[in-house]
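One structure coming up, written as structure tokens, with questions to follow.
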Amino acid sequence: MSTIFLTILSRSLWLSGVIVFLFLLRTCFRRIPGRAFYFLWLIVFLGLICPVSLKIPYEATVPPMFPSQTQAEAAQFPEVTVPADASMGTEGQITESEPAPTRFRFEDILSPASYLWAAVTFLLILGNLWKILRFRKGLLGARRLKENVYETEAAVVPFVLGFLHPRIYLPINLCETERKLILQHERVHLRRKDYLIKPIALFITSLHWFNPLVWLAYLLFSEDMERACDEAVLDGSNGQIRKQYAASLLALSVENQSAGISTVAFGERRIQYRIMNILHYKKSGALMLLIVIFLMTLVACGTFVQPVEVQTNPTATTQPEETTPVSQPPETTASTQTPSTVAYEDVELDTDIHYPQLTQCPGELTKGYINQSLKAPADQLDELDTTDKKSLTYAVTRCDDTFFSVLYTMTLTSQDGTAQQTMIPVTVQISTGAELTMENAFADPKAMAALLGNEEATAENLQFYLQKDDVVFFFRPEEDQDYVILSLDYAALEPYWNTSFGSRPAS
């Protein structure tokens with residue numbers, strides 16, 4: 001739930017700038033036709049519901065991916081100790097040099113905010129469905145005129161309603177001229193599938209109910225939908241009926257006829273604005289067409305193109321270390337730096353379950369994603385249904401402006417004292433919140449596994465975490481066997497590293 005909410009929130013914030021741009025453009029340049037804005041709003045609503053974006057890489061001055069010895073020794077963060085081998089009977093505790101002060105953390109409110117968002121969204125969608133069903137009930141006595149055209153006293157203005165079999169509903173006592181013009185307008189809605197598009201736009205708006213700019217976009221989209229149909233009718237008649245058409249619109253005008261129902265209605269949405277558009281409407285020329293194409297390209301880029309920071313691997317000078325198998329999970333003590341831009345604190349889920357959470361990190365949403373990844377092993381152990389005693393300790397093996405790497409040790413101790421340990425690494429990129437795995441960290445995971453020189457090491461069974469000077473790989477040949485630990489320095493890995501590890505939505 002939290003991941004869906006963060007994605008919706010990210011898209012909403014990202015596209016707020018595009019909505020403001022279109023609002024200002026619409027206000028300042030009235031000569032741009034309504035059909036142009038209609039398609040521009042379609043792009044925006046598609047972007048609001050579609051989390052996919054085209055990543056455009058760019059280079060920026062960032063801290064090095066693999067810090068030098070001088071950088072790493074510049075400062076130290078609070079020491080975190082992982083327990084010794086479980087067979088020694090030592091129970092691990094997380095200790096820090098100083099107790100961390102209580103700070104506001106975005107992730108503390110993330111879960112309740114996610115459920116609040118889901119509840120309000122559900123109520124909005126349910127309320128709109130109830131309105132539609134109630135409105136349709138009042139149309140049961142409509143009289144059929146021809147094909148899908150009906151006349152009813154319940155219709156104050158003409159409108160189209162229906163999903164699979166849409167119908168045009170007309171008020172009674174329309175003159176022949178008005179009926180002809182109105183049917184032309186409503187058939188444009190049918191041809192463009194507006195009876196489907198508008199409810200979908202309302203559904204998307206309901207997902208973004210917390211953003212007033214999205215509601216503004218929905219209202220302007222509804223107006224421009226009607227303007228686009230007005231212009232299509234005028235184009236079909238060479239503009240000769242504009243006065244009659246404007247008079248029909250004025251005669252049938254009504255504010256909020258459908259009480260918030262997502263129908264496409266002839267006489268709704270700022271009548272004065274539409275009448276002025278009708279009376280001064282001119283067919284678009286070649287120049288206006290070029291302007292519209294440029295605007296559509298610009299809005300599409302603003303909606304679906306996301307710049308992504310690319311980090312390049314510096315040239316390292318150290319040589320690969322020899323790989324040596326060991327029989328037990330390593331006892332790791334973290335003693336590297338914490339720059340001012342990245343800080344963390346210890347969190348206790350249960351007496352014996354601890355995990356780190358970032359308290360300081362560039363970008364609140366990115367920090368929220370990172371902390372979700374860091375909390376996942378604790379949640380996994382907490383939800384494990386077992387009578388064994390459960391404990392989780394960790395060591396922060398790298399913490400800088402580029403990466404945050406943690407090695408968890410999960411221990412299950414049975415009633416007879418037998419302990420089973422599992423090592424769980426979590427490494428995240430600070431700038432994007434992306435979690436590193438064998439699949440996205442290395443261009444060729446199989447070649448990377450072969451580089452380790454152990455026949456039993458494969459891309460499928462290998463895991464890794466980062467340290468100051470090297471990368472530690474480990475695997476179990478068999479489920480009941482001890483871990484095999486292999487390490488390589490960054491120089492040996494440089495040809496295999498990917499320059500990008502994917503990204504979470506921008507914060």
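Quick test of your reading of the structure: Thr95 fulfils all but one of (1) in contact with a strand residue (DSSP E or B) (Cβ under 9 Å, 6 or more places away or on another chain); (2) surrounded by fewer than 12 Cβ atoms within 10 Å (Cβ to Cβ); (3) modelled with pLDDT of 50 or more. Name the failing condition by number.
(3)
Quick check on my filter: what residues within region 374-405 are among the β-branched types (Val, Ile, Thr) and under 30 Å from Asp416 (Cα atoms)? Break it down stepwise before answering.
Of the residues in region 374-405, the ones among the β-branched types (Val, Ile, Thr) are 386-387, 393, 396-397, 402.
Result: Thr386, Thr387, Thr393.
Being buried (at least 17 other Cβ atoms within 10 Å of the Cβ), modelled with pLDDT of 70 or more and part of a helix (DSSP H, G or I) narrows it down to one of Ala300, Ala247, so name that one.
Ala300
Further, regarding this structure: Kindly provide the set of residues from region 426-449 that are of a type outside the set (Ser, Thr, Tyr) and buried (at least 20 other Cβ atoms within 10 Å of the Cβ), ordered by number.
Step one: of region 426-449, the residues of a type outside the set (Ser, Thr, Tyr) are 426, 428-430, 433-436, 438-449.
Val426, Val428, Gln429, Ile430, Gly433, Ala434, Glu435, Leu436, Ala441, Phe442, Met448, Ala449 - these are the residues of region 426-449 that are of a type outside the set (Ser, Thr, Tyr) and buried (at least 20 other Cβ atoms within 10 Å of the Cβ).
Now, a different point. Of Phe21, Phe37, Phe5, which residue is out of contact with any Cys (no Cβ under 8 Å at 6 or more places or on another chain) and either surrounded by fewer than 16 Cβ atoms within 10 Å (Cβ to Cβ) or closer than 15 Å to Thr205 by Cα (or both)? Steps first, answer last, please.
Details: Phe21 fails: either surrounded by fewer than 16 Cβ atoms within 10 Å (Cβ to Cβ) or closer than 15 Å to Thr205 by Cα (or both); Phe37 fails: either surrounded by fewer than 16 Cβ atoms within 10 Å (Cβ to Cβ) or closer than 15 Å to Thr205 by Cα (or both).
Of the residues listed, the single one that is out of contact with any Cys (no Cβ under 8 Å at 6 or more places or on another chain) and either surrounded by fewer than 16 Cβ atoms within 10 Å (Cβ to Cβ) or closer than 15 Å to Thr205 by Cα (or both) is Phe5.
Are there any pairs with C-beta distances below 8 angstrom linking a residue in region 178-203 that is of a type in the set (Asp, Glu) to a residue that is surrounded by fewer than 17 Cβ atoms within 10 Å (Cβ to Cβ) and part of a helix (DSSP H, G or I), with the two at least 6 apart or on different chains, and if so which?
Close Cβ pairs satisfying both conditions: Glu178/Ala251.
Which condition breaks for Asn498 when tested against (1) buried (at least 20 other Cβ atoms within 10 Å of the Cβ); (2) at pLDDT below 85?
Among (1) buried (at least 20 other Cβ atoms within 10 Å of the Cβ); (2) at pLDDT below 85, the lone unmet condition for Asn498 is (1).
Here's another thing I want to ask about it. Within the set of pairs 6+ apart or on separate chains, which have a first residue in region 406-432 that is closer than 10 Å to Asp388 by Cα, a second that is of a type in the set (Val, Ile, Thr), and C-beta atoms under 6 Å apart?
Listed pairs, sorted by first residue: Ala419/Thr411; Ala419/Thr413.
Listed here are the residues, each with its yes/no results for (1) more than 30 Å from Leu42 (Cβ to Cβ); (2) assigned by TED's automatic domain parsing to the domain that holds Leu24; (3) at pLDDT below 75; (4) surrounded by 18 or more Cβ atoms within 10 Å (Cβ to Cβ).
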{"residue": "Val326", "(1), (2), (3), (4)": "yes, no, yes, no"}
{"residue": "Thr333", "(1), (2), (3), (4)": "yes, no, yes, no"}
{"residue": "His354", "(1), (2), (3), (4)": "yes, no, no, yes"}
{"residue": "Gln380", "(1), (2), (3), (4)": "yes, no, no, no"}
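Could you tell me how many of the residues in region 6-40 are touching a Leu at 6+ places or on another chain (Cβ under 9 Å) and at pLDDT below 85?
1
Suppose we filter region 460-476 for residues that are over 16 Å from Ile424 (Cα atoms) and surrounded by fewer than 20 Cβ atoms within 10 Å (Cβ to Cβ); how many remain?
2
The values are calculated or read from the model by the stated rules, or taken from the named source; none is laboratory data. Since we're looking at a predicted model, the values are computed, not measured. All Cβ positions, glycine included, derive from the backbone under ideal geometry; neighbour counts span all protein chains shown.
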